[in-house]
1. So in segment 17-56, with the set limited to residues that are among the small types (G, A, S) and part of a strand (DSSP E or B), which one is nearest to Q3 (Cα to Cα)?
2. Being modelled with pLDDT of 95 or more, open to solvent by less than 30 Å² (accessible area, probe 1.4 Å), touching a helix residue (DSSP H, G or I) at 6+ places or on another chain (Cβ under 6 Å) and assigned to a helix (DSSP H, G or I): is that true of A222 here?
3. Any idea which residue in segment 285-309 is farthest from the chain's Cα centre (by Cα), counting only those that are under 29 Å from E206 (Cβ atoms) and assigned to a helix (DSSP H, G or I)?
4. If a residue must be open to solvent by 30 Å² or more (accessible area, probe 1.4 Å), at pLDDT 95 or above, farther than 24 Å from G73 by Cβ and β-branched (V, I, T), how many such residues does segment 96-154 contain?
5. Checking the conditions here, which among R107, R63 is closer than 23 Å to L11 by Cβ, in contact (Cβ under 8 Å) with a residue 12 or more places away in the chain, among the basic types (K, R) and part of a helix (DSSP H, G or I)?
6. Which residue, of M52, M75, is touching a residue at least 40 places away in the same chain (Cβ under 8 Å), open to solvent by less than 20 Å² (accessible area, probe 1.4 Å) and touching a helix residue (DSSP H, G or I) at 6+ places or on another chain (Cβ under 7 Å)?
7. In segment 6-51, how many are within 20 Å of R84 (Cα to Cα) and not small (G, A, S)?
8. For segment 274-295, what are the residues that are open to solvent by 70 Å² or more (accessible area, probe 1.4 Å) and at pLDDT 95 or above?
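The values are calculated or read from the model by the stated rules, or taken from the named source; none is laboratory data. Treat the numbers as computed from the prediction; the structure is a model and nothing was measured. Every residue, glycine among them, receives a Cβ derived from its backbone with ideal geometry; neighbour counts consider all protein chains shown. These area figures cover heavy atoms from the full protein model, side chains too; ligands, DNA and RNA do not enter into them. Shrake-Rupley method; radii C 1.70, N 1.55, O 1.52, S 1.80 Å.
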Amino acid sequence: MKQVTTVGIDLAKNVFTLHGVDAAGNTVLRKTVRREKVMELVAALPPCLIGMEACTGAHEWARRFSAYGHRVGIMMARFVAPYRKSSKNDSNVAEAICEAVSRPIMRFVPVKSAEQQAILSLHRVRQGFIEQRTATLNRIRGLLAEFGVVLPQRPEQVRRAAVLVAEALPALARDAIADLREHLAYLDERISGYERQLIALAKQHEPARRIQDVCGVGPLTASALTASIASGHEFPNGRQFAAWLGLVPRQYSTGGKTRLGRITKRGDAYLRTLLMLGARAVLHSVAQKTDRLSRWAIAVRARRGYHRAIIAVAAKNARIIWALLANNRSYTMQP
């Protein structure tokens with residue numbers, strides 16, 4: 001056990017598989033234990049490098065292992081897969097994790113604190129309620145379409161028309177529409193409650209307040225970003241942060257010829273969506289502004305089109321946000 005320098009752990013719900021090697025790369029630990037025995041085994045190891053795949057519970061295990069002096073690296077599963085030598089099973093995956101975590105160029109997922117995960121859980125629940133609200137609105141439209149009433153997709157029009165049109169429906173259908181409208185009111189209340197809570201948390205967090213000075217970044221975006229990347233020191237530069245969000249072109253280059261395609265859409269889709277919605281708001285208001293960023297956004301929209309301009313503004317905002325967080329600076333708009 002004293003010779004172990006690197007350990008790969010295949011996380012699961014009940015059974016965990018560990019694979020450890022010494023400084024020379026020789027296997028000195030290969031064991032499968034129950035969930036309740038993992039901490040006892042890890043605590044007995046000397047301080048070493050522990051690798052895990054990014055999955056449910058990985059951040060909590062990373063915090064626990066770090067308390068015993070271990071260095072912990074969390075990796076995306078697709079970065080571990082090339083190091084697996086044979087068929088996929090717990091033992092082979094643990095060995096692949098052990099090999100991947102020792103690579104000097106491996107990209108790691110930032111370990112989140114419990115507070116960061118708590119804030120992100122509010123975002124996830126709120127987003128779930130929004131998806132339920134959209135599904136409920138579509139359900140109302142579908143039911144009314146069965147009676148020959150076709151409504152537009154705009155939520156405001158669906159809400160107004162559902163009240164008026166339902167009066168002409170049979171009693172059973174009218175009651176069903178009323179239940180859906182009541183459910184909509186409940187969802188609206190829950191979404192508003194979570195938004196108020198997230199806005200209050202963003203006001204209390206100094207980094208979140210700083211990045212809200214960036215055009216197109218509101219309290220919800222600021223809260224989600226600071227909870228996801230904290231200070232941003234995990235990224236060497238702003239472009240790497242934009243690439244982590246999937247806001248850079250996909251490359252398929254060979255023979256010295258550069259081929260750029262659509263954006264990669266890697267990383268957190270929720271964060272990318274928030275930045276793109278903010279970029280859309282920026283483009284809607286640039287006509288009334290004369291600052292440097294607004295002039296640049298207008299030029300990009302004229303040269304590349306509206307949708308590409310949204311991506312460009314979102315990527316630029318991501319780089320600006322990284323610079324503010326990593327350098328602990330405040331945003332100053334350039335004239």
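1. Ranking the candidates gives G20 first.
2. So A222 fits the description; yes.
3. Looking at the filtered set, the residue picked out is R292.
4. 3
5. When all the criteria are applied, what remains is R63.
6. On the way: M75 fails: touching a residue at least 40 places away in the same chain (Cβ under 8 Å).
Result of the check over M52, M75: M52.
7. 21
8. Selection gives L277, R280.
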